[in-house]
Amino acid sequence: MILPILQYGDPILRVKGKRIEEINDRIRELAANMIESMHAAHGVGLAAQQIGEALQLTVLDISAAEDRPSTLKLDGNEVDPKSAMPLVLINPEIELRGETEVGLEGCLSFPEITADIERAQSVTVRAETLEGGTIQIEAGGFLARAIQHEHDHLDGILFIDRMRSAAKAALSSRLKRLQKETKRGIRHREALVSETTL
Ligand code: ZN
């Protein structure tokens with residue numbers, strides 16, 4: 001099922017995700033719906049907050065990003081990153097490695113907005129899987145960037161928080177407009193709910 005993706009201005013995007021204690025059918029269904037929604041929106045990653053659930057759960061698929069190379073080791077074994085997609089990370093713990101580099105990022109919660117963001121070149125992640133085990137991921141390049149972006153979402157951090165101040169200032173009126181539209185949408189939804197519950 002394709003879920004609506006929440007946009008900037010929705011307060012849930014700022015909520016730190018709760019740890020998932022049990023991987024049950026609800027979590028499996030949520031992850032499947034998030035993968036479907038991410039693909040439908042042509043995104044490379046989607047965090048639970050973006051579909052209205054403040055949980056430590058994110059999905060990624062960088063296989064369509066042909067021009068932005070990635071490296072991946074799963075439990076110490078080098079694999080073709082594409083072969084491991086989509087990735088589902090539950091309760092991920094991240095360590096940033098190496099130098100930083102600046103690269104272009106967008107976000108499904110910020111339509112048509114992109115900016116250069118400084119990120120670590122590689123990351124090590126320990127996460128739980130849908131099968132109930134744990135995996136150790138060493139990622140480099142674009143995948144490392146995507147993982148850092150999604151991991152930030154799980155802490156309620158958005159890519160605008162990491163933009164250089166001049167870039168953010170240049171976007172300020174667009175961001176305000178987006179925030180206003182989102183708030184109007186939320187009020188509209190709430191009004192519909194209270195009408196139907198009367
Ligand atoms: Zn995002």
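The values are calculated or read from the model by the stated rules, or taken from the named source; none is laboratory data. Computed from a prediction, not measured in an experiment: that's the story for all the values here. A quick note on method: Cβ atoms are made from the backbone with ideal geometry, for glycine too, and the neighbour counts reach across all protein chains shown. With ligands, DNA and RNA removed, areas are computed over all heavy atoms of the protein, side chains included. Shrake-Rupley method; radii C 1.70, N 1.55, O 1.52, S 1.80 Å.
Could you list all residues from the range 137-160 that are more than 11 Å from the ligand (Cβ to nearest atom) and either farther than 22 Å from Asp80 by Cβ or small (Gly, Ala, Ser) (or both)? Please lay out each step first, then the result.
The first filter runs over the range 137-160 and keeps only residues more than 11 Å from the ligand (Cβ to nearest atom), leaving 137-145, 147, 155-156.
The answer is Ala139, Gly140, Gly141, Ala144, Asp155, Gly156.
Taken as a whole, the range 70-86 holds at least one residue that is within 16 Å of the ligand (Cβ to nearest atom), under 22 Å from Leu3 (Cβ atoms) and not basic (Lys, Arg).
Look through Thr114, Thr129, Thr124 and report the one residue that is within 16 Å of the ligand (Cβ to nearest atom), more than 19 Å from Gln49 (Cβ to Cβ), within 18 Å of the chain's Cα centre (by Cα) and among the polar types (S, T, N, Q).
On the way: Thr129 fails: within 16 Å of the ligand (Cβ to nearest atom); Thr124 fails: within 16 Å of the ligand (Cβ to nearest atom).
The conditions single out Thr114.
The set of residues in the range 60-88 being touching a His at 6+ places or on another chain (Cβ under 8 Å) and open to solvent by less than 30 Å² (accessible area, probe 1.4 Å) consists of Asp61 alone.
Pairs meeting the criteria (first residue in the range 41-53 and within 18 Å of Leu104 (Cβ to Cβ), second residue assigned to a strand (DSSP E or B), beta carbons under 7 Å, at least 6 apart or on different chains) are Val44/Leu60; Gly45/Thr58; Gly45/Val59; Gly45/Leu60. Return a yes/no flag: does the range 40-59 have any residue that is of a type in the set (D, E, K, R), open to solvent by 20 Å² or more (accessible area, probe 1.4 Å) and either assigned to a strand (DSSP E or B) or within 16 Å of the ligand (Cβ to nearest atom) (or both). Among the residues of the range 40-59, at least one is of a type in the set (D, E, K, R), open to solvent by 20 Å² or more (accessible area, probe 1.4 Å) and either assigned to a strand (DSSP E or B) or within 16 Å of the ligand (Cβ to nearest atom) (or both), which makes the answer yes. Before we move on, is Leu171 part of a helix (DSSP H, G or I), within 16 Å of the ligand (Cβ to nearest atom) and either free of Cβ contacts under 8 Å to residues at least 60 places away in the same chain or among the aromatic types (Phe, Trp, Tyr) (or both)? In short, yes.
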